[in-house]
Each structure stands twice: as C-alpha cells, then as structure tokens.
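Everything on this sheet refers to the single structure shown next.
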Amino acid sequence: MSNGDYLFAFRSRAGSLHYTIRAPPHEAIVKLADEDFEVDLSDVKGRDEVASIVATKELTIGEVWVSIPSERLMIFKDGLPYLAKEQWSILAYVRRSPHRVSIRDVSIEVSLEVDEAVRCITYLREIGMLRQDGRDVVPPTHPDATFYTNPDIRRIIDSILNYLFP
C-alpha cells in the first residue's frame, strides 16, 4: 500500500514477502526468474535513481532479495527502507568498522543508551541489514553481542551510504 510518499509492506504469518534495493551504480544485469529475459539495469535506471521492489517472491536472478520477517511492517521512502537517523548512523558505523562491533561499541559511538541501540540493531537484523557474529556466546540483545553488515548486500549498503552521505 502507498500514500504517494511512503510504501507500506506488511508480511502476515502466512505467505512470504521479499524486497530488493536498486541503488547506484547500476552495473548489474539481472535475469527475470520466470522468463528467459535479461535486463541491464544501467539501461533502465537513472544515474542517481534509487528504488526498492517488494514482491511475494523473488522476481529476478542476479539481485539479492531479503525476506521480510513474519508479522513485520516495513516502510519505504524515496526508494529506500525508512530508517531512523540513529539506524542509518549505526549502519554506517558498523559498515566502516574493519571488524565486528558490539552493541556497547555502537551505543558509545552513536551516543545512544544501550537499550535504544539494542532496539535499532534488532530492527536492522530483522530487515536483513546486519548479522550477529556466529562466534558470540551471548544473545543478540546482550551489550557484548557483536554484529557486522550482511555480506550478501554489502554492495547495496555501500551504494546507499554513498548516496545518502556523499
């Protein structure tokens, strides 16, 4: 559903819902999943155009699709997942870091209370932007839990961050 400014996507318990983000530079060639047809995104997307596509199944091969969690509402604005300023700051900090970062580190770097950092990181995990390090022996809400950006979509995250923070 959209009101012209925002796109609202809700996944119920049943079924599936996925999204992909197309951010510059548009250098990918994608193949439609159900047809023998390829699209060069550089031919159909403007140099600064950003778009998110939401669908009940992955429509293309050659793009990373992220599953929206069950019973989750996602909001998109200007072609991107709608995130609070703090969430964008966390994503930028985690991506800039040469190694995994703890919730405690995020809290200090982004000047948030630990509980607020947990809330932001939990959402970023749920929408597929962050992953918890598999070596952690603490739950994902513990201040010592560590995270890194999802390697499957790092190129997209980098494109978004470069687009937002040139």
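The values are calculated or read from the model by the stated rules, or taken from the named source; none is laboratory data. Being a predicted model, the structure only gives us computed values, none of them experimental. Cβ placement follows ideal geometry from the backbone for every residue including glycine, while neighbour counts extend to all protein chains displayed.
Here are the numbers for the structure shown:
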| read-out | value |
| --- | --- |
| Number of the condition not met by R22 [criteria: (1) modelled with pLDDT of 95 or more; (2) out of contact with any His (no Cβ under 9 Å at 6 or more places or on another chain); (3) surrounded by 18 or more Cβ atoms within 10 Å (Cβ to Cβ)] | (1) |
| First in the range 116-131 and within 14 Å of S102 (Cα to Cα), second anywhere and assigned to a helix (DSSP H, G or I) and hydroxyl-bearing (S, T, Y), Cβ under 8 Å, 6 or more apart | E116/S107; A117/S107 |
| Spans of helices (runs of 4 or more DSSP H) in the range 65-166 with at least 2 residues of a type in the set (S, T, N, Q) | 85-96, 154-164 |
| Of all residues making up the range 49-78, the number that are crowded, with 16+ Cβ neighbours inside 10 Å and within 16 Å of F165 (Cβ to Cβ) | 1 |
| Residue that is modelled with the lowest pLDDT [pool: residues in the range 38-71 that are closer than 17 Å to M1 by Cα and within 14 Å of the chain's Cα centre (by Cα)] | A51 |
| Only one of D158, D144 that is touching a helix residue (DSSP H, G or I) at 6+ places or on another chain (Cβ under 8 Å), loosely packed, with under 14 Cβ neighbours inside 10 Å, among the acidic types (D, E) and touching a residue at least 60 places away in the same chain (Cβ under 8 Å) | D158 |
| From the options R95, R104, R119, R135, residue that is surrounded by fewer than 18 Cβ atoms within 10 Å (Cβ to Cβ) and closer than 20 Å to V64 by Cβ | R95 |
